Each structure stands twice: as C-alpha cells, then as structure tokens.
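One structure is given here, and the rest of the page talks about it.
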Amino acid sequence: MKLSLKKKSGIIAIIAALLLAMAVVAFSQEGRPPGPPQGRGFRGGPGGPPRDGLGLIAHDLNLTDDQKAQIKKITASFEESTKVLREQLRSLHEGQADPLKDGTFDEAGVRASAQARANLQVVCEVAHARMISEILLK
C-alpha cells in the first residue's frame, strides 16, 4: 500500500509534534527537586522569616529586637486610634441605602453614601501615612 505525499507529510507532522511535546515535558521536569519549592517560606514557614507579625520587610531589613518592638508599638497605637474610623467605614458600607429603593434610582443617596465613606477613607489614609512616617523617623 502506497501512501500519498500529503498523507506522509501529515503523519510526519503528527509524529514531530508528539516528539516535541514529550521533549518539552522532559526538559521542564529536569533540575527540580521533588517536593515543595525551596527557599523563602510563606508566612513564616520553613525557610521564611520568623512569625513576628512584621512581615518580610522587617526580616529583609535585619531589624533589631528593639526596632521591631518600636514598630509594633507604633502599629498597635495606629490600630487602636483608627478602630473607630474602621468601624464607621464598615457601618457605612453595610448600611448603604438601596440605590433602587422604591423602583427608582436614588443618585443623591448613592452620592451621599459614597461621599461619607470617601471622607472617612481620607482620614484613615492620613493616619496610615502618619504611622509610616513615624516608623521611618524612628
């Protein structure tokens, strides 16, 4: 049985594609150790920074224990001072009026709600910037 040139070319192309796919799989497996990835762990896992609550930056900067304590004190103060603001933001978000109340779009209500949240967000961002500047100046 004689195959036409067109059929031979098709068979050769399929075989070449299969060989190429096998080569890609083989090369992608080479050089990798079995098991989980090596290196820095996630959230203080094996090979990662200690779980001191300060994250990778504190680890990368090689901060002293005293510096870490100062940062924790500043961040705790920030959390405490913005707790009421964050609760207000949450309340505004959860208590947001239905924009389609009574079957009509209430643009004024949506604008008022968005503006109230935006005003609180500005206060929170200023407080956050103040906290960062305190950390950087210590």
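The values are calculated or read from the model by the stated rules, or taken from the named source; none is laboratory data. Just so it is clear, the structure is predicted and the values come from calculations on it, not from any experiment. Cβ coordinates were reconstructed from backbone atoms using ideal geometry, including for glycine residues, and neighbour counts include every protein chain displayed. Accessible surface is based on the protein model in full, side chains and every heavy atom, while ligands, DNA and RNA are left aside. Shrake-Rupley method; radii C 1.70, N 1.55, O 1.52, S 1.80 Å.
Here is how the numbers come out for the structure above:
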quantity: Residue match in the range 85-100 (condition: aliphatic (A, V, I, L, M), more than 30 Å from residue 137 (Cβ to Cβ) and modelled with pLDDT of 80 or more); calculated: yes
quantity: Matching residues in the range 88-138 - criterion: being farther than 30 Å from residue 73 by Cα and among the β-branched types (Val, Ile, Thr); calculated: 104, 110
quantity: Residues within the range 99-138 that are free of Cβ contacts under 8 Å to residues at least 40 places away in the same chain, among the hydrophobic types (A, V, I, L, M, F, W, C) and open to solvent by less than 80 Å² (accessible area, probe 1.4 Å), tallied; calculated: 11
quantity: Filtered residues of the range 99-123 (kept if part of a helix (DSSP H, G or I) and among the hydrophobic types (A, V, I, L, M, F, W, C)); calculated: 108, 110, 112, 114, 116, 118, 120, 122, 123
quantity: Count of the range 78-98 residues which are assigned to a helix (DSSP H, G or I) and open to solvent by 70 Å² or more (accessible area, probe 1.4 Å); calculated: 12
quantity: Residue identified as polar (S, T, N, Q) and within 24 Å of the chain's Cα centre (by Cα) among 70, 121; calculated: 121
